[in-house]
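Colleague: Dumping the structure here so I can ask a few things about it.
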Amino acid sequence: MKIWVPMDSAAKALGAEEVVAAIRAEALRRGVEIEIARNGSRGMIWLEPLVEVETPAGRMAFGPMTPEDVSALFEDGHEKALGLTDELDWMKRQTRLTFARCGITDPFSLEQYEALGGLVGLRRALGMTGEQITDEVKLSGLRGRGGAGFPTGIKWDTVRMAHADRKYIVCNADEGDSGTFADRMIMEGDPFCLIEGMTIGGIGCGATKGFVYTRSEYPDAVAVMRRAIDIARAAGVLGPDVLGSGKAFELEVRVGAGAYVCGEETSLLNSLEGKRGVVRAKPPLPALEGAFGKPTVVNNVISLATVPVIFEKGAEFYANFGLGRSKGTIPLQIAGNVRHGGLFETAFGMKLGQIVEDLGGGTASGRAVKAVQVGGPLGAYLGTDQFDTPFGYEEFDGEGALIGHAGLVVFDDTADMLGMARFAMEFCAVESCGKCTPCRIGAVRGVETLDRIAAGDAEAVPLLTDLCETMKDGSLCALGGFTPYPVMSALRLFPEEFGAVREAAE
Amino acid sequence: MRHSKPTADEIQALIDGQMHLEGPLLPILHALQEAYDHVPEAALGMIAETLNLTKAEVHGVMSFYHDFRKAPAGRHVVKICRAEACQSMGANALSDAVLEKLGIGWGGTTSDGLVTVEAVYCLGLCACAPAAMVDDRLIARADAARLEKALEGAA
């Protein structure tokens, strides 16, 4: 009897290790021989820990499991039996390209990785020139999944054409946005996918060294990535002779130290070099002068983890999914006060309301949805009257919002929107790197101004609006520049909570 | 975990152990904090010497990052997520209750040196909020009772 229990940190935080211990104890008690295998999460976080039992018909799902539910696993008819995992509505409705293997394979099994299409893309890329590799990525339409949406192929090409004795590829795995966990899930659930994507990128651009810069708040992801890199190196996927091609590529994991701003690429590069994580003015672009002054590709985890499937199935296959200029798929992360929270990968274009109400099943509290913050702490709040907005870069931009890293945080009608606006400013003040004045001083003044508004001073509202404009236009990076998104959208949607009439807000 | 008083030789060995890396300063600070639960003041000059930096520069880097401590924390560290997804599920009430019960503020340590409570901004458990961490153990759908139980289990 083979039983799969996820080792994803969300599953562990919901008791997966206790369930594993209970399964072992119960098997021993019954004298049943079992094999416990560990996988990543399938993304149905509300069902975690999701235990799967292998049967001739396929993997049968049970969840959410507790140690008390374990005994019945060994008998017929379990009250938490969900049927075949692949037949669950949540799984069937997805287009899993980037997350094709996540939750299915053992994250440390290169054999299982290859059995499900792994390394096909890298082998193909090894037979291509650097230009052919960057062209393939351009053709796929892949855009930066960290939030900025910059075409990945163009970035790669800039680095490829730069002249230098050394080049780097850096994976931005500093996933600090609240409501997002796609990077963590893929690093913990399918680390070889990221390794393969970075290797293709490195070989395409002529970079021989890659760094995965991730967070100290993700200790499991750090450990899984490090072990997977060791396994890949031992198998010749990494090292001086990648899969016998004669080309070299090496990878290293670096851990941040609790600074949110290091998710900004230039700040990340400073941190990687051992400096304060302050933002650098651009130009020079990191593609020309990045890590240690050398041409550097900086890409988000999901951008890089999507590269293998583009090379496995072809750029056109990937580009056929999506909407307008938002091509391919996006792993939606549905979070916060929501009944069915988790990760759902689908083509761009799904309407916001469908994501929240249909996939997410409405709020966890059962109350009405008040607002949804999309794209992390620097993303705008959207109201239910914006639920028809299709999920895409340009479509959200048109609503004065952004998709960011595709995290959605749902709030019910008890949410205090003035409080959330204040928190956005407070967070910016705590995390500001201090380099530019609009962010460093503006965020502090923002907190004070919101406190005045909270105390009933409606005249402070125009001041807040003015301050937000200054921060938006005058900040060096997205931290100061985008903090106005949550603040102003909260004010626009719920002016009555700011003691202002609607006219004053507009 | 308990930590012995750092000696200069030990500190230098930890610094030297990271010197093969490109940009070794953050790995050095992590290695020291891992060993001593804080970055000892005595280490700053030694790091500066080894990396050919000024002590002020090393201090500047260390103090920029929230993770690095000047003094050891309490025996157990409770991190409670303050970010938006956790707030949507009552993280503020949770942290208020925990801090009030322990009689400390954010970053404070109980007078018996047992527990330090720190704010954290996102543990990546946003679909099973609110999230917290007791030492190395992650806790999803956290409430005051579960945190207390985890603390007892860790004692």
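Colleague: Mind checking the log10 I(q)/I(0) for region A:2-92 at q = 0.16, 0.19 Å⁻¹? Debye, one equal scatterer per Cα, no solvent, two decimals.
Modeller: -0.56, -0.81
Colleague: Sort A:299-308, A:8-17 by packing, meaning the average of other beta carbons within 10 Å per residue, with the highest value first.
Modeller: Highest mean packing first, the order is A:299-308, A:8-17.
Colleague: When Cβ neighbours within 10 Å are restricted to other protein chains, what is their mean count per residue of peptide A:203-215?
Modeller: 1
Colleague: Out of all DSSP beta bridges with both ends in chain B, state the antiparallel percent to the nearest 5.
Modeller: Around 55 percent of the beta bridges assigned by DSSP in chain B are antiparallel ones.
Colleague: To make sure I understand, if each residue's beta carbon is the centre and we count other beta carbons within 10 Å, what order do A:Phe391, A:Phe181, A:Phe292, A:Phe423 fall in, fewest to most?
Modeller: The order, fewest Cβ neighbours first, is A:Phe292, A:Phe423, A:Phe391, A:Phe181.
Colleague: How long are the semi-axes of the equivalent ellipsoid of region A:159-243, defined as square roots of 5 times the Cα gyration tensor eigenvalues? Whole Å, largest first.
Modeller: Largest first, region A:159-243 gives 24, 17, 10 Å.
Colleague: From Cα coordinates alone, what are the radius of gyration and Dmax values for region A:322-412 in angstrom?
Modeller: According to the Cα coordinates of region A:322-412, Rg and Dmax are 11.7, 36 Å.
Colleague: Beyond 23 Å, what share of the Cα-Cα pairs of region A:417-494 is found? Please give it as a whole percent.
Modeller: For region A:417-494, the share of Cα pairs beyond 23 Å comes to 9 percent.
Colleague: Per residue of A:259-272, how many C-beta atoms from partner chains lie within 10 Å of its own C-beta, taken as a mean?
Modeller: Mean shielding count: 2.
Colleague: Now a separate question. Using DSSP, restrict attention to beta bridges with both residues in region B:76-154 and report what percent are antiparallel, rounded to the nearest 5.
Modeller: That works out to approximately 55 percent antiparallel.
Colleague: May I pose another question? Treat the count of other C-beta atoms within 10 Å as a stand-in for reagent exposure and order B:Met46, A:Met44, A:Met187 from fewest to most.
Modeller: B:Met46, A:Met44, A:Met187
Colleague: Please report the antiparallel percentage of DSSP beta bridges with both residues in the protein assembly as shown, rounded to the nearest 5. Could the numbers behind the result be given before it?
Modeller: Values: 37 of 69 bridges.
Bridges in the protein assembly as shown that DSSP calls antiparallel: roughly 55 percent.
Colleague: Run lengths n ≥ 4 of DSSP H only: what is the helix-derived mean residue ellipticity at 222 nm for chain B, with -39500 (n - 2.57) per run over all residues, to the nearest 500?
Modeller: Here the helix-only value at 222 nm equals -13000 deg cm²/dmol.
Colleague: Something else: Based on the mean of other Cβ atoms within 10 Å per residue, sort peptides B:72-79, A:279-286 so the most packed one is first.
Modeller: Taking the mean over residues of other Cβ atoms within 10 Å, the ranking is B:72-79, A:279-286.
Colleague: For the protein assembly as shown, build the convex hull from the C-alpha positions and give me its volume per residue in Å³.
Modeller: That works out to 158 Å³ per residue.
Colleague: Quantify how strongly other chains surround peptide A:220-233 by giving the mean number of their Cβ atoms within 10 Å of each of its Cβ atoms.
Modeller: On the way: counts 3, 1, 0, 0, 0, 0, 0, 0, 0, 0, 0, 0, 0, 0.
What the average comes to for A:220-233 is 0.
Colleague: Give the order of B:Trp106, A:Trp4 when sorted by the count of other beta carbons within 10 angstrom, beginning with the fewest.
Modeller: B:Trp106, A:Trp4
Where a number appears in this text, it was derived from the coordinates with a stated rule and is not lab data. In this text, all values refer to a predicted model and were calculated from it rather than measured experimentally. Counting neighbours? That spans all protein chains shown, and the Cβs are built from the backbone with ideal geometry, glycine included.
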